[in-house]
Every structure is written in C-alpha cells, then in structure tokens.
Amino acid sequence: MKITLRAAGLIKFGPERELIDDYLKRANALSRNLGIKDITESVVDTRRAKSRAAETETILSIPTDILVVLDERGTTLTSRQIAKQIAHWRDDGRQTLTLAIGGADGFDPNALPPHAVKWSFGKQTWPHKLVRVMLAEQIYRALSILAATPYHRD
C-alpha cells in the first residue's frame, strides 16, 4: 500500500514544515516492514478553483483505492483505531490510501465522492498547517502501533 497525505497549499518552510518532514521520515522508516511501500505528501494548487465545489474536486482529483477526508462531521477515531483501519485496508489488498485535507472552508459536502471516508480531529477549528502536522503525526503513530514500538502510550 502507498499512503498519500494530500492538501491544498504549499508549506515551504517554518516549524510546521520541519514537523511534517520529520513525521513522514519516521513513518517511512517503519513502513517497509509493515507492507507499506511509501508515504508521501502531495500538495495541490487550488488558486484557480472558482468555488468550494471546484476546490474540493481539485483536491480529490486523483485515483485512489481508499479516500479519507478530514471533515468536522467525520468520525473521531483513537490512534489505535486509525492503526487498525490502515492495517485492515492493507491486509485487504488496497494499493493506495489518500488522506485529504480540504481548503480554508473545508470540503463541499455535495462534491465529495460517495465512497469517501470521513475522519475528524474533533469539533475545534484547527489551522491548516497544524492539521497537516497532526495528520503526519497520526500516520507515524499508527505505524508505530502496528510495529509495536514504544512511541505510543495509552
């Protein structure tokens, strides 16, 4: 399986960029032994999108076996549940998992594909840069749980 973190906008530098890179590097170090080929970040330019629906379609315009969108109306999962879900999809033979973060106003619910899985980091409003850091960390944490490393503590 290949995992892609997909989000609108480029984070060129700063503490968030350093954290994202660090967590993705750590996740990739664990991934091969877990049957995960690669974990990457995909940045989407949404500046030409004229509407929230067009922005949603631009962000989600890649083929993927599993599409997870972060949405405040989504299911809030524990880190262990995220790890279990990733392992289930991997064991089910899914080749690609895309975890997507919407634009400043989130995804247009009417433009979401019917097969999209919705996850939430809670009811709070989070800055997009921090959401990207949090998602990168949760990918790393999930793989750490699957690898039985001491990183995760209940």
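Some points to look at:
- When T40 is tested against (1) within 15 Å of the chain's Cα centre (by Cα); (2) under 19 Å from L112 (Cα atoms), exactly one condition is not met: (2).
Table: residues versus (1) in contact (Cβ under 8 Å) with a residue 60 or more places away in the chain; (2) touching an Asp or Glu at 6+ places or on another chain (Cβ under 8 Å); (3) aromatic (F, W, Y).
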| residue | (1), (2), (3) |
| --- | --- |
| A7 | yes, yes, no |
| I20 | yes, yes, no |
| T40 | no, no, no |
| R48 | no, no, no |
| R52 | no, yes, no |
| S61 | no, no, no |
| E72 | no, no, no |
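- Some residue of the range 66-73 being more than 19 Å from N110 (Cα to Cα) and of a type outside the set (D, E, K, R): no
- Strands (runs of 3 or more DSSP E) lying entirely in the range 48-154 (those with 3 or more residues that are within 25 Å of P15 (Cα to Cα)): 66-76, 96-101
- Selection status of T46, among the β-branched types (V, I, T), within 14 Å of Q138 (Cα to Cα) and touching a Ser or Thr at 6+ places or on another chain (Cβ under 6 Å): no
Here, each number is a calculation from the coordinates, and none is a lab measurement. Not measured: the values here are computed from a predicted model. Glycine gets a Cβ as well: all are built from the backbone with ideal geometry, and neighbour counts include every protein chain shown.
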